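Data first, discussion second: the structure below is written as structure tokens.
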Amino acid sequence: MKRIWSVQHPSGQRAETLSRALGISPVVSEILVQRGLNQPEKAIEFLRPSLLNLNSPFLFCDMLKTVERLSLALKRKEKVLIYGDYDVDGVTSTTLLYKVLIDLGLQAVAYIPHRQDEGYGLHSEAIERAAKAGVRVLITVDCGITAVSEVELAKSLNIDIIITDHHEPLEILPEAFAIINPKLEHSGYPFRDLAGVGVAFKLAQALLQTLGNNEVGIHTEMEFLDLVALGSIADLVPLVGENRVLVHHGLRQMEATTHPGLDALLEECGLKNKSLKAGQIGFMVAPRINAAGRMDSARAGLELLLTEDPERANELARQLTRENQSRQETEKEILAEAIALLEQEPLPRVIVLSANHWHHGVIGIVASRLVERYYRPVFMIAEDGDEARGSARGIPGYPVLEQLSTQAAILTKFGGHKQAAGFSLLTENIGKLREGLNQQALAFKESMFQEVLRIDCQVTLDAVSGELLRQLEQIAPFGFGNPGPTLACKGIPVHSVSAVGKEQNHLKFRFGSQGEQEGIAFRLGERLEELKGSQTIDAAFVLDWNTYRGRDEVQLMIKDIQTVANWLKQTIQDDDSRTVCKEIAATQQEPEIDWLDWRNLPREQWPLDDYEQLWIWDNTGSEPILRVGNDERLNQVRDNKPGKDLGLILGVPLTDEDFKEGVEKLRRLGIFRIALAGFQLPLEEMVHQRCFFISREKLVQFYRDLLAESKKANPFHWVADLKLQGREKTALKIFEELGLIRCLGGTDKVVLEWIPAQKKLELDSSLRYRLARVRFEKTIEFQRQLIEASF
């Protein structure tokens, strides 16, 4: 199906301003603005993710009681069962929490249900076995939020259930001892999109901060971030906000992982001792762990991540590779069958397919492949006698879990997310499900089923370079919620095109008059005849490195290619429209400002008697504020003498933005006569604070303080002075950005590792320092000009 290519209207001034402020490529600044990061501060936090931005785990309402219960379990030497799930998110969650509990001295046991024999979620049989084995606390990871009856059973057997999950809750919640799930309406946690392993990590944070040794131990939070990154990437959570911080630093930790199993798996994938990308983890590492759970039992994947024996780790890594190859063959067979079934009839709005010989562990992947091919919601079902189990994948705008809930009457079980879900039903009801879902889909507009490929930026082929790719890599890690930027070229010359790959199912292009630029299009081999006669084409692509014989070259990873694409130009964005309209209205309708210069007048000489109402834009405090004037003399004359409204800008505004904001607020009140008064220069320290600028001298002093602490012990604890907390945190972020420190854990009281500088560092190489310095210098210059200006 031919896609529509949607290219956004250029952001213009906003992107140019951001590019200048941060010293980044106009292409990168354009993409950041398109993704809602048009403020320099927000853009910096995105481009330079900091572990110092992690939220406290104790923001979860039930976190404190959870830690207290596990503290009691430690004291009583009670057995604690960690109950996981068989996908990568579940396996990494189980591994992480098991290692932390064992490190802290708890008697922990890990359990993952068998996909074929038991299925997803908390099961009564497992709870009964746990009770017989003497388990007193059961912690679910990546599951449990819908296990209402199972939790009741556990309570009757004197087992306290602690649910850690990230799936969407239903209307009725289990009556567990504690529930830690960011998707609960009143969870208390500010970021709702954590993966299951992200939620398990927050519990691990709380436990390590509360029960950990006061000495900095061998295991820190940082050493588990590689597991968090692996599970988060595999589970397709949006790589924004806290997830972005966890995955960014988790990938760096993975390059030096302390887990023998993960190290062996990276070597098996040919990734050891390489700079890692989220895409490599998602397409090479995660599928091997998933394959075990899909084809048989996830316990091999769990054993791999838990083992401390390198030889056993290598053996298990090879085993998982074999299982992944078997999974790929099974997937290929099911996909071919599914396509054959769909080609027989007109394509429905919602694809619902079933067969009695399909492997339940693979149908979810096949559903994703069918979504890519047909751009339809897909529900794949594996029949097993009278019962059947399915996996669903959606498209943007189609809420999978919500649509499944409309068919709850014929489902025996279901759960999941907006874009993916699992479900069970009687085989005899599959036809009803197909009919019901397609009937419900009639409520959606036809346009929702037409795929639109979003183009982040249109460029020329000449603009494609190694420098552009290096700039774009600052936006990584890429994944769901933060896709690799899609660029597009129009009418580029095709030098050659050929089919490549073992099955000739990929296309290799040479673009440009001399074939100077290479491109690769995966799984588009069937379009060779259509494209090989084209002199020019339109290409949509992401950029990546192609390393051959030690030489890096830029390669176009083609997402779509058309002889002539169907381009849809987006209109100017709403906020731009409003700004333009306001500017036009201001030009056409509003009078000019009548400025009154009282800058050198003492307060008692301000001629206020002629004005009825006074509004003050007050810049004398730590933050500017608009307030009604309360001068006693003014109040006395107001009752006796009518007059005009007056705006007063009191004190020198610290920044150009403050000045413009004050004028704009007064204009909105209908005030066009504005006096400037009380213009004494503010203290330089106040300017520093408002610009978030720390001078080189103060940074050097703080650097020396940290160095002194590191000489006592490295790593070391750092507790910020409450009065200086904001400034110290900014300084720590600058040092983290420069590679001088590493945050190993903690949120209020942090564990830092001092890293000796290998070369002379320029402070301006920190985006945070550079932005604050430039803003400070501009502020000082603006204030000088404002004081000297004629009005």
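The values are calculated or read from the model by the stated rules, or taken from the named source; none is laboratory data. Just so it is clear, the structure is predicted and the values come from calculations on it, not from any experiment. Cβ: placed from backbone, ideal geometry, glycine included. Neighbour counts: every protein chain shown. For the accessible areas, the whole protein counts, side chains as well, though only heavy atoms, and no ligand, DNA or RNA atoms are used. Shrake-Rupley method; radii C 1.70, N 1.55, O 1.52, S 1.80 Å.
Converting the Cα gyration tensor eigenvalues of the range 4-155 into ellipsoid dimensions via √(5λ) gives semi-axes, longest first, of 47, 20, 13 Å. Contact order for the range 268-366, expressed relative to its length and based on alpha carbon pairs under 8 Å spaced 6+ residues apart, stands at 30 percent.
Summing charges over neighbours of Val774, with a neighbour being any other residue whose Cβ is under 10 Å away from its Cβ, gives +3 when K and R count +1 and D and E count -1. Based on Cα contacts under 8 Å between residues 6+ apart, the range 646-693 shows a relative contact order of 54 percent. Where both bridge residues fall in the chain, DSSP classifies roughly 55% of the beta bridges as antiparallel.
Using the Cβ-Cβ distance between Arg673 and Leu626 with R0 = 22 Å, the FRET efficiency computed as 1/(1 + (r/R0)^6) comes to roughly 0.85.
Give me the percent of the accessible area of the range 285-403 that comes from carbon and sulfur atoms, probe 1.4 Å, all protein chains in place. Its accessible area is 44 percent carbon and sulfur atoms. For the chain, the longest principal axis of the Cα atoms and the long axis of helix 363-374 meet at an angle of about 60 degrees.
Rounded if a/c is under 1.5, else prolate if a/b beats b/c, else oblate: with a ≥ b ≥ c from the C-alpha gyration tensor eigenvalues square-rooted, which is the range 675-791? Prolate shape, in that a/c is at least 1.5 and a/b is the bigger ratio. Normalised by the residues of the chain, what does the relative contact order come to in percent, with Cα pairs under 8 Å and at least six apart? The normalised contact order for the chain reaches 11 percent. Computed over protein heavy atoms with a 1.4 Å probe, the accessible surface of the chain works out to 47 Å² per residue.
Taking square-rooted eigenvalues a ≥ b ≥ c of the alpha carbon gyration tensor, is the chain rounded, prolate or oblate, where a/c under 1.5 means rounded and, failing that, a/b exceeding b/c means prolate? The shape class here is prolate. Each of the GluC sites (Glu not before Pro) that DSSP puts in a loop and that has at most 15 other Cβ atoms within 10 Å breaks the chain; the longest unbroken stretch is 309-502. Name the shape class, rounded, prolate or oblate, that the alpha-carbon gyration tensor gives for the range 88-165, where a ≥ b ≥ c are the square roots of its eigenvalues, rounded holds for a/c under 1.5, and otherwise prolate holds if a/b is larger than b/c and oblate otherwise. Cα axes put the range 88-165 in the oblate bin. The trypsin sites (Lys or Arg not before Pro) found in the range 411-453 that occupy coil by DSSP, while having at most 14 further C-beta atoms within 10 Å, are Lys445. Computed from the C-beta positions of Asn158 and Glu526, the FRET efficiency with R₀ = 60 Å rounds to 0.50.
Applying the criteria of a DSSP loop state and at most 13 other Cβ atoms within 10 Å to the chymotrypsin sites (Phe, Trp or Tyr not before Pro) of the range 442-513 yields no site.
For the range 708-774, dividing the convex hull volume of the Cα atoms by the residue count gives 95 Å³ per residue. Computed over the range 737-791, the convex hull of the alpha-carbon atoms projects to a mean area of 6.2 nm². Our coupling estimate for the range 538-548, obtained by passing each phi through the Karplus curve with A = 6.51, B = -1.76, C = 1.60 and θ = phi - 60°, is 9, 10, 10, 7, 10, 9, 8, 8, 10, 9, 9 Hz, Gly and Pro reported as x. Using a probe radius of 1.4 angstrom, the carbon and sulfur fraction of the accessible surface of the range 461-520 is 51%.
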